1. Among the residues of region 161-196, which ones are open to solvent by 10 Å² or more (accessible area, probe 1.4 Å) and part of a strand (DSSP E or B)?
2. Return only the number of the condition from (1) in contact with a Gly (Cβ under 8 Å, 6 or more places away or on another chain); (2) within 16 Å of the ligand (Cβ to nearest atom) that residue 112 does not satisfy.
3. Test of understanding: among 43, 33, which residue is within 12 Å of the ligand (Cβ to nearest atom) and open to solvent by 10 Å² or more (accessible area, probe 1.4 Å)?
4. Filter region 63-86 down to the residues that are part of a strand (DSSP E or B) and aliphatic (A, V, I, L, M) and list them by number.
5. Please go through region 52-70 and pick out each residue that is touching a residue at least 12 places away in the same chain (Cβ under 8 Å) and either open to solvent by 10 Å² or more (accessible area, probe 1.4 Å) or not assigned by TED's automatic domain parsing to the domain that holds residue 252 (or both).
6. Do you know which residues across region 127-160 are assigned to a strand (DSSP E or B) and within 14 Å of the ligand (Cβ to nearest atom)?
7. Might you check whether a residue that is farther than 16 Å from residue 96 by Cα, in contact (Cβ under 8 Å) with a residue 40 or more places away in the chain and open to solvent by 40 Å² or more (accessible area, probe 1.4 Å) occurs anywhere in region 148-158?
Amino acid sequence: MQPHNTLLTRIRSRIGKRLLGEERWVAKSGDLRMRERHGVVARPNYAYGMLRAADVAKYFGKQSVTVVEFGVASGHGLLNMIELAELIEGETGVEFRVFGFDTGAGLPELIGYRDHPELWRGGDFAMEDRDALMRKIAGRADIVWGDIADTVGAFTDALTADAPLGFVSVDVDIYTATKSALRCLKGPSQAYLPAVSMYFDDVTFFFANRWAGELAAIEEFNMEHDLRKIDVDRSLPGSRRASSAPWYRHMYACHVLDHDARQRVRQRAELPIGAHHQFMSNQFLY
Ligand SMILES: C[S@@+](CC[C@H](N)C(=O)[O-])C[C@H]1O[C@@H](n2cnc3c(N)ncnc32)[C@H](O)[C@@H]1O
């Protein structure tokens, strides 16, 4: 951006904030990053995860990134992902490839206590109108139909370093489907950003525990992999307006510790402490 544009933008925003009040101005005129930080976006978990993916992609010199929603149901989340992809692409220049996974027929049959049979049953959340959803998507995302256990392998094999996986939403409710979904993180390291932002939908209700459901699948993934670890996202709330918000507890990151970028020192000039803080802020790494 040219310096006079930056100045003009700053003057405009200062006047706007004074006239409308900061929150109303941000909600009306702020960019997505600003709105996410002020807590005035519809699905902040997706906005946050996808901005993270774009920022991390940029930091590592990638122009495209892949994002995926496991569990599409009627498509509200996937349509939101598509809108966000278009917005974030405009604001950051990073392109998105968007994928959704679903049986199309709702939850498969549950197998034992890990699938939380006290809450769900097979057939829950069946897609209402597949054709209508495909019309709304209009080619802007791919839906992979079928049981994730059967489809995730080909998806993982097709991931490339050109558009590494950067954000994963797991909204399949049950343990068995989450176990299958997490297989998308088992490919070669260059198929991923060095840390992949993740959202888990079903980890905060009263019956949730580390021995069942999505949490059990995370626990087992971490035990099975020495150099791939799913941890809670430790960067939240950061400088966000709200020091606590329900969605913070759903955000995780898969650390790809065997990624090349995590083995060698990055090429750059040495930085004193203040400049390092600025460097981290400028790259949106906090
Ligand atoms: C709660 S709904 C998803 C809601 C959706 N993300 C939204 O934002 O509206 C859960 C979905 O996961 C899908 N699902 C669960 N297990 C699956 C599996 N093994 N393979 C494919 N889809 C599965 C179900 O079909 C169901 O549509």
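1. Across region 161-196, the qualifying residue is only 195.
2. That leaves (1) as the condition not met.
3. Values: 33 fails: within 12 Å of the ligand (Cβ to nearest atom).
Checking each option against the conditions leaves just 43.
4. If we filter region 63-86 for residues that are part of a strand (DSSP E or B), which is where we start, we get 64-70.
Within region 63-86, 65, 67, 68 meet the criteria.
5. At the first step, the residues of region 52-70 found to be touching a residue at least 12 places away in the same chain (Cβ under 8 Å) are 52-60, 62-70.
Across region 52-70, the qualifying residues are 52, 55, 56, 58, 59, 60, 62, 63, 64.
6. Just the residues of region 127-160 that are assigned to a strand (DSSP E or B), to begin with: 142-145.
Those that are assigned to a strand (DSSP E or B) and within 14 Å of the ligand (Cβ to nearest atom): 143, 144, 145.
7. Pass one, region 148-158, residues farther than 16 Å from residue 96 by Cα: 148-154, 156-157.
Next, from what is left, pick out any that are in contact (Cβ under 8 Å) with a residue 40 or more places away in the chain: 148, 151-152.
Narrowing further to those that are open to solvent by 40 Å² or more (accessible area, probe 1.4 Å): none.
Looking for residues that are farther than 16 Å from residue 96 by Cα, in contact (Cβ under 8 Å) with a residue 40 or more places away in the chain and open to solvent by 40 Å² or more (accessible area, probe 1.4 Å), one finds none in region 148-158, hence no.
Yes/no per residue for (1) outside the structural domain of residue 170 (by TED's automatic domain parsing); (2) free of Cβ contacts under 8 Å to residues at least 12 places away in the same chain; (3) within 21 Å of residue 281 (Cβ to Cβ); (4) open to solvent by 50 Å² or more (accessible area, probe 1.4 Å):
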| position | (1), (2), (3), (4) |
| --- | --- |
| 216 | no, no, no, no |
| 219 | no, yes, no, yes |
| 223 | no, yes, no, yes |
| 227 | no, no, no, yes |
| 235 | no, no, yes, no |
| 243 | no, yes, yes, yes |
| 254 | no, no, no, no |
| 266 | no, yes, yes, yes |
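The values are calculated or read from the model by the stated rules, or taken from the named source; none is laboratory data. Bear in mind that the values here come from a model prediction, so they are computed numbers and not experimental data. So basically every Cβ, Gly included, is an ideal-geometry build from the backbone, and we count neighbours across all protein chains shown. The protein model used for the area step is the full one, side chains on, heavy atoms only, and it has no ligands, DNA or RNA in it. Shrake-Rupley method; radii C 1.70, N 1.55, O 1.52, S 1.80 Å.
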